[in-house]
Amino acid sequence: MSKNKDENRVIIFDTTLRDGEQSPGASMNLEEKLRIAKVLDELGVDIIEAGFPIASNGDFEAVREISRTVTTPIICALARAHRQDIERAAEALEPARRKRIHTFISTSPLHMKYKLQMEPEEVHQAVIDSVTRARNLCDDVEWSCEDGSRTEPDFLCRTVESAIAAGATTINIPDTVGYAIPEEFAALISMLFDRVPNIDKAVISVHCHNDLGLAVANSLAAIHAGARQVECTINGLGERAGNAALEEIVMTLRTRQDFLPYDARIKTENITKASRLVSGITGFVVQPNKAIVGANAFAHEAGIHQHGMMRHAGTYEIMSPESIGLTKSSLVMGKHSGRHAFRAKLVELGFDVGDNALEDAFRRFKDLADKKKEIFDEDIIALVDDEVVRVNDRIQMGSLKVVCGTEGPQTAELALNIDGEVLSTTATGDGPVDAIFIAIRQLFPHEAKLALFQVHAVTKGTDAQAEVTVRLEENGRTVNGQGADTDTLVAAARAYVNALNKLLTQREKSVSALSA
Ligand code: KIV
Ligand code: ZN
């Protein structure tokens, strides 16, 4: 039986851009966050947690820009219990049509003693003060008790009651360290419904981390016990082992309506698109056997399974690939396809590119069609993703010639266009990729360290495009660059150049923030 006014409606609160972005190496720039926010909007999430405005100027700008441009979901900003945090969150949310301030403080004995170094009474007062302050700036206030699942029950009930009395409209119970067990977590939610007298004045939310691989199970158990908001991320991105995966929660609710008759209003056909975008931007590749969005999630290799599938898809498929927007790898076009067909394909794949980006993408599509016999949707997606991010780059890829093989020395002859000037060099290295990266450093000297180099094939076959991710780190800044090409070494060079351009944007941002 549902214990909230809104019966069986489950609110989907996406925190890919906040908790997801907090995972080491997953930082995104403004343009990337905006692209993800737009796809989350298409997916139909109810709330987008867009960032933690006090944490950096980049976070502030992202929350502000998303507030300005994404108008259907509620835009949420995170704030600690401090006055400055709450005011900064309100300022960032100012242009939003629908907004929420999410304020939090730790309530477990361990966190209060060692992290906050505060007595429980001081924490309790801080809950009342922070929620009151947030409520004076925004009608929609969420309060979270960080490390809620390890908080003493009496103190948890008392703080929840006080937060609601101070004006919180959503109470979020995080399993911050992913410690809970589904039955235990459900019992905790039931206890709140039984013991907190004003519980009916707020929506109860949960926020589960995946340290024991139980984030989705805990979230579903909590829904069953009366929670009506779940906080989750695309692909389960998030700190350490991540957060509960949005796609797993939503598809479980959709597939098991018989057992979980709850209503999450997500357009599940956009799941694949959102998953690919988040993975492409962050460089966090989805494991092939990941539920729902892994490359093998709908693959039927064993003969006996294929036999059953041919007779009835339900024999081995509990949901259809189409329900998550997975189209059969369709052969789209070849070298004779024209600009109109290409534009139509982009629209079908959900891309909305400007004329310049379209021209560049079309030119690269023609180049690709010369090299690769069959071009699939995935090829077009990789190519356009690659193109959209490059239009305004200061450093543009020119030409590349590589000598590699057993005889060495591995050599790269590289030309880059830097601020409108073509510069070229030749470098040798410990392998062709090393030679290319040394050449880039010669043409554009910088101190950033290479933190990740990752290659994966976009489609099957030896003529498949390679998609390369390069992660660079400099003075605490982390950026991910992507590059795609049928030539893995060209893709590697493009990915490095892309990462470098992002680093330049971040450097410029911190300089303008300092002088602001
Ligand atoms: O995991 C956590 O406790 C959080 C809170 C800020 C909600 O992310
Ligand atoms: Zn979290």
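Among beta bridges identified by DSSP and lying wholly in the chain, the antiparallel ones come to about 50 percent. From most to least packed by mean Cβ count within 10 Å, the peptides 17-29, 216-228, 403-415 give 216-228, 17-29, 403-415. For the chain, the longest principal axis of the C-alpha atoms and the axis of helix 355-371 are separated by about 60°.
Hey, what angle do you get for helix 83-93 against the long axis of the chain, alpha-carbon based, 0 to 90 degrees rounded to 10? Between the helix axis and the principal axis of the chain, the angle is about 60 degrees. Solvent-accessible surface of protein heavy atoms, probed at 1.4 angstrom with all chains present, puts F453, F155, F259, F365 in the order F259, F453, F155, F365, largest first. Protection proxy ranking, highest mean first, for peptides 199-206, 61-68: 61-68, 199-206, where packing is the per-residue count of other beta-carbon atoms within 10 Å, averaged. Taking Cα centre as origin and charging only the Cβ of basic (Lys, Arg, +1) and acidic (Asp, Glu, -1) residues, the dipole magnitude of the chain rounds to 660 debye.
Rounded to the nearest 10 degrees, the inclination of helix 182-195 to the longest alpha-carbon principal axis of the chain is 40 degrees. Selection among L358, I380, A341 by position relative to the dipole of region 329-388 gives A341 as farthest towards the positive end (Cβ unit charges, Cα centre). Shape verdict for region 395-515, please, from the Cα gyration tensor: rounded (a/c under 1.5), prolate (a/b greater than b/c) or oblate. Prolate, since a/c reaches 1.5 and a/b exceeds b/c. Helical runs assigned H by DSSP (4 residues or longer) give the chain a calculated mean residue ellipticity at 222 nm of -12500 deg cm²/dmol, each run adding -39500 (n - 2.57) before division by the residue total. Ranked by the mean number of other Cβ atoms within 10 Å of their residues, highest first, the peptides 240-249, 50-59, 263-272 come out as 240-249, 50-59, 263-272. Using a probe of 1.4 Å on the protein chains alone, the accessible area found for H82 is around 90 Å².
Its relative contact order, with pairs defined as Cα atoms under 8 Å and 6+ residues apart, puts the chain at 11 percent. Calculated on C-alpha atoms, the gyration radius of the chain divided by its Kirkwood radius gives an Rg/Rh of 1.00.
The values are calculated or read from the model by the stated rules, or taken from the named source; none is laboratory data. If you're wondering where the values come from, they're calculated on a predicted model, not measured in any experiment. Don't worry about glycine lacking a Cβ; one is built from the backbone with ideal geometry, like all the others, and counts go over all protein chains shown. Accessible surface is based on the protein model in full, side chains and every heavy atom, while ligands, DNA and RNA are left aside. Shrake-Rupley method; radii C 1.70, N 1.55, O 1.52, S 1.80 Å.
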